1. So, in the range 1-19, of the ones that are buried (at least 18 other Cβ atoms within 10 Å of the Cβ) and of a type in the set (Phe, Trp, Tyr), which residue ends up nearest to Ala69 (Cα to Cα)?
2. Suppose the filter is more than 17 Å from Ala9 (Cα to Cα) and without any contact (Cβ under 8 Å) to a residue 24 or more places away in the chain; does Asn76 pass it?
3. Could you list, ordered by first residue, the pairs with Cβ atoms under 7 Å in which the first is in the range 41-59 and without any contact (Cβ under 8 Å) to a residue 24 or more places away in the chain and the second is surrounded by 12 or more Cβ atoms within 10 Å (Cβ to Cβ) and part of a loop (DSSP other than H, G, I, E, B), at least 6 apart or interchain?
4. Being surrounded by 11 or more Cβ atoms within 10 Å (Cβ to Cβ), more than 12 Å from the chain's Cα centre (by Cα) and in a helix (DSSP H, G or I) is the filter here; which residues of the range 20-58 pass it?
5. Got a sec? Which of Ala75, Ala69, Ala10 is within 10 Å of the chain's Cα centre (by Cα) and under 28 Å from Val102 (Cα atoms)?
Amino acid sequence: MRMNWSYVAAFFEGEGSICCYFNYQHKLRVDIHQKDKRILNKIKKFINFKAKLQLHKQSQVWRLSFGCAKARWFANKILPYCNHPGKIKQIKTALRLDKKFVKPRKIKRNKN
């Protein structure tokens, strides 16, 4: 399987979520869930920045998560490839709230 933005966007539409929440400060967050850790590792490698990958012990489901500037960058990258109206609305709403409440900053990329 060859990884590209179209694939990542489609995978996110089926297994992911994005939100802007308030916990002492506003934060944008992306989560992608999957029982098989390998695909999440491939996505993590493709997006090329540090993201948290952890196992939820009770459900035995892996979660790839990242927030703030990384989530903003990711959302803007996948948005043109998304097809599901509900996910498009979710991404746009989260980005709109993020823009309203959070000051942007640049992400640190892995050097490869």
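We did not get these values from a lab; they are worked out from the coordinates using the rules stated. The model shown is predicted, which means the values in this text are computed figures rather than measured ones. Glycine also receives a Cβ, built like all others from the backbone with ideal geometry; neighbour counts cover every protein chain displayed.
1. Phe12
2. no
3. Lys44/Ala51
4. Matches in the range 20-58: Lys37, Ile39, Asn41, Lys42, Lys45, Phe46.
5. Testing whether each residue is within 10 Å of the chain's Cα centre (by Cα) and under 28 Å from Val102 (Cα atoms) leaves just Ala75.
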